[in-house]
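The values are calculated or read from the model by the stated rules, or taken from the named source; none is laboratory data. These numbers were taken from a predicted model, which means no experiment stands behind them. Here Cβ is always computed from backbone atoms with ideal geometry, including for glycine, and neighbour counts include all displayed protein chains.
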Amino acid sequence: MSNSLARAPVIFGCGGTTLTADERALFAACRPLGFILFRRNLDNPAQVADLVAQLRDSIGVPDAPVLIDQEGGRVARLGPPHWRRPPAAGKFATLYAQDEARGLNAAWLNARAIAHDLHCLGIDVDCAPVLDLLLPDAHDIVGDRAYGTTPAPVIALGRAVCDGLLAGGVLPVIKHMPGHGRALADSHHELPVVRATAAELEADFAPFRALADAPLAMTAHIVYPAFDPDRPASTSAVVIDRVIRGAIGFEGVLLSDDINMSALAGSVGQRAASCLAAGCDVALHCSGRFDEMREVAAILPPMTDRAAARIERALAQRRAPGRFDPQGSLSRLDAMLQSAS
């Protein structure tokens, strides 16, 4: 395992717009794989770029991955006045239903523009696209974050988004594996149980199977009794081995969803340990609360050789972006989206 990957299997947030001395010391000692940013960390472009540099400097890894949730719509950490707020996925689903080629072009352009914004700040991983289906009577936590109600448009638009991000030097994270679309509850607040049969869940798996070559994916904190009646996917060795790695065939880096979410039981340290023991490659801790990060850091096992190999393959897909005309591209994108209004 190379020194750059001899790091703890965790991604941490931080508390504010600059690192504290305590955070810097904890990160230096723990050496997390990378970091994730939230609105509390974002003020203006110069400040964000400086914070990204501070985070990487704290562990002595100049290309450590830095993540953000920049889907668009209601899930966009970057926004006005300094950044464009991208449209929600539902806008592209509507356009695709009217004109498939224009829908795919628009989704690619939007993702490429997101990547441009992120790359300018030093952020190189976007927790997008959502590949969950929009299904009737489900909780609206997915809602307009979905690219469609059936697998075909989700697969096509999800691929366009992945390609647009990669073209801009940003790695995509497909989510929420193996499918959040049937959930009747929000896993931020409680543990959803999806009681569909294995046969019924095949539709939910289809987008993830089609994009199983993505570099990274994120789990769902959801119980699927068809496979494991007791544990949510993030902490279920059965779901991760049999469904995510098996039926879906995903061989990239598997991140847990945020271990702070109320769907998981136990302390944050126990949650991180459970996700890693079940087969997640990396645990995601987002709150930035220092006492929690210290607890998680104290229990982390060494990164496995298999996880390190997956991470190395994923990070090798980062490329310097080609030429891009933001103003012209966004003008074309706006025209396409207006035609779908």
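Filtered by the rule that a residue be over 24 Å from Cys286 (Cα atoms) and surrounded by fewer than 20 Cβ atoms within 10 Å (Cβ to Cβ), the range 228-250 gives Asp228, Pro229, Asp230, Val238, Asp241, Arg242, Arg245, Gly246, Ala247, Gly249. What do you reckon, is Ala64 farther than 15 Å from Ala111 by Cα and either surrounded by 14 or more Cβ atoms within 10 Å (Cβ to Cβ) or of a type outside the set (A, V, I, L, M) (or both)? Yes, satisfied. The set of residues from the range 211-234 being under 22 Å from Asp69 (Cα atoms) and either in a helix (DSSP H, G or I) or small (Gly, Ala, Ser) (or both) comprises Ala212, Ala214, Ala217, Ala220, Ala233, Ser234.
Would you check if there is a residue in the range 259-275 being closer than 21 Å to Cys162 by Cβ, of a type outside the set (A, V, I, L, M) and in the same structural domain as Asp126 (by TED's automatic domain parsing)? It would help to see each step written out before you state the result.
As a first pass, look at the range 259-275 and keep what is closer than 21 Å to Cys162 by Cβ: none.
Taking every residue of the range 259-275 in turn, none turns out to be closer than 21 Å to Cys162 by Cβ, of a type outside the set (A, V, I, L, M) and in the same structural domain as Asp126 (by TED's automatic domain parsing).
Just one of the listed residues (Phe12, Phe38, Phe92) is buried (at least 23 other Cβ atoms within 10 Å of the Cβ), of a type outside the set (Lys, Arg) and under 15 Å from the mean Cα position of the chain (by Cα), and it is Phe12.
Anything in the range 76-93 that is of a type in the set (A, V, I, L, M), closer than 24 Å to Ala46 by Cα and in a loop (DSSP other than H, G, I, E, B)? List them, or say none.
Here is the first cut: in the range 76-93, the ones of a type in the set (A, V, I, L, M) are 76, 78, 88-89, 93.
Now drop any that are not closer than 24 Å to Ala46 by Cα, which leaves 76, 78.
Hit for the range 76-93 is Leu78, nothing else.
Of everything in the range 261-280, what is under 19 Å from Phe250 (Cβ atoms) and in contact with a helix residue (DSSP H, G or I) (Cβ under 6 Å, 6 or more places away or on another chain)? Give them in sequence order. Quick ask: steps written out before the conclusion?
Applying the first criterion (under 19 Å from Phe250 (Cβ atoms)) to the range 261-280 yields 275-280.
Those that are under 19 Å from Phe250 (Cβ atoms) and in contact with a helix residue (DSSP H, G or I) (Cβ under 6 Å, 6 or more places away or on another chain): Cys275, Ala278, Gly279.
Working carefully through the options Arg318, Arg289, find the one that is at pLDDT 95 or above and farther than 26 Å from Glu23 by Cα. Working first, answer last.
Numbers: Arg289 fails: farther than 26 Å from Glu23 by Cα.
Of the residues listed, the single one that is at pLDDT 95 or above and farther than 26 Å from Glu23 by Cα is Arg318.
Cβ-Cβ contacts under 7 Å between residues 6 or more apart (or on different chains), taken from a first residue in the range 189-209 that is surrounded by fewer than 13 Cβ atoms within 10 Å (Cβ to Cβ) to a second residue that is of a type in the set (S, T, N, Q), are listed as His189/Ser262. What are the residue pairs meeting all of these: first residue in the range 224-249, first residue not assigned by TED's automatic domain parsing to the domain that holds Ala198, second residue surrounded by fewer than 16 Cβ atoms within 10 Å (Cβ to Cβ), Cβ atoms under 7 Å, and 6 or more apart or on different chains? Partner pairs satisfying both residue conditions: none exist. From the set of residues in the range 246-298 that are touching a Leu at 6+ places or on another chain (Cβ under 6 Å) and part of a loop (DSSP other than H, G, I, E, B), which is farthest from Gly34 (Cα to Cα)? Step by step, filter the range 246-298, then rank; the result is Ala263.
Scanning the range 286-322 for residues that are touching a Pro at 6+ places or on another chain (Cβ under 7 Å) and closer than 30 Å to Leu109 by Cα turns up Ala314, Leu315, Gln317.
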